[in-house]
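What follows draws every value from the coordinates through simple rules; no lab data is involved. Nothing here was measured: the structure is a model prediction, and the numbers come from that model. Positions of Cβ are generated from backbone atoms using ideal geometry, with glycine treated the same way; all protein chains shown enter the neighbour counts.
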Amino acid sequence: MPQIGMWASSQCSCCGDLLRQSVDRRYMLKTASVACAAMMLRPFAACAEVEAEAMVLSCIDPRVQEPIHKYLDERGLMGRYSHFAIAGAAIAVVSPVFFSWHKAFWDNLAFSARVNRITKIIALDHRDCGAAKMAYSDSAVATPAAESKTHQRALSQFRRQVGERQPKLTVETGLMALDGSIEMMG
């Protein structure tokens, strides 16, 4: 068996005896290959062990982060949901204006359904949303009534699309005011 030169004469007090032993290069390569494979597969194994009750879809708007967190805590969901935040929430998933973003959400939802074994999706849009204005128009959100109607249409379309893609999931949708109150829709 060939020895690895510098290791054979090591004076290390903690592992010198081990390093002075003859080392088979094939054994080292096999061991390194197994260790690398184990490290590469570890993230997938860890994901498979994580279960969540729901996936939450919300907007990236900083004004709604704390109210969403509080709402989920009050529902007893802390540590039991995966979270997907994107500008516009459900609007970003259904509006043609944001078409290039759709795939990222649907792929994440499918992953969460398969790996985290979620049973529901909770989509929370919010009032005074810049993405709603961009996707539909200023007049679509000009009054509280128009804004409600716009979000209601988008959330309805979202529920329909989830039903087509993930029929086993329960879908909850709501419109959050900036004070944290939520009007459930659908």
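Going from the residue with the fewest nearby Cβ atoms within 10 Å to the one with the most, T150, T119 rank T119, T150. Residue exposure proxy: I122, I86, ordered by other Cβ atoms within 10 angstrom of their Cβ from fewest to most, comes out as I86, I122. For segment 114-129, 3J(HN,Hα) computed residue by residue from phi via the Karplus equation (6.51, -1.76, 1.60; θ = phi - 60°) reads 7, 7, 8, 6, 5, 10, 8, 10, 10, 9, 10, 7, 9, 6, 6, 8 Hz, glycine and proline entered as x. Full extension of the segment from S137 to M184, taken as 0.36 nm per residue of separation minus the current Cα-Cα distance, would add 14.6 nm.
Ordered by the number of other Cβ atoms lying within 10 Å of each residue's own Cβ, fewest first, H102, H126 fall into the sequence H102, H126. For segment 50-184, the square roots a ≥ b ≥ c of the C-alpha gyration tensor eigenvalues yield an a/c of 1.5 or more together with a/b not exceeding b/c, which makes the shape oblate. Computed 3J(HN,Hα) for segment 178-186, one whole-Hz value per residue from the Karplus formula 6.51 cos²θ - 1.76 cosθ + 1.60 where θ = phi - 60°, is 5, 7, x, 6, 10, 9, 6, 10, x, glycine and proline marked x. Taking a straight Cα-Cα cut-off under 29 Å and skipping sequence neighbours fewer than 8 places away in the same chain, the lysines within cross-link reach of K120 are K70, K103, K133, K149, K168.
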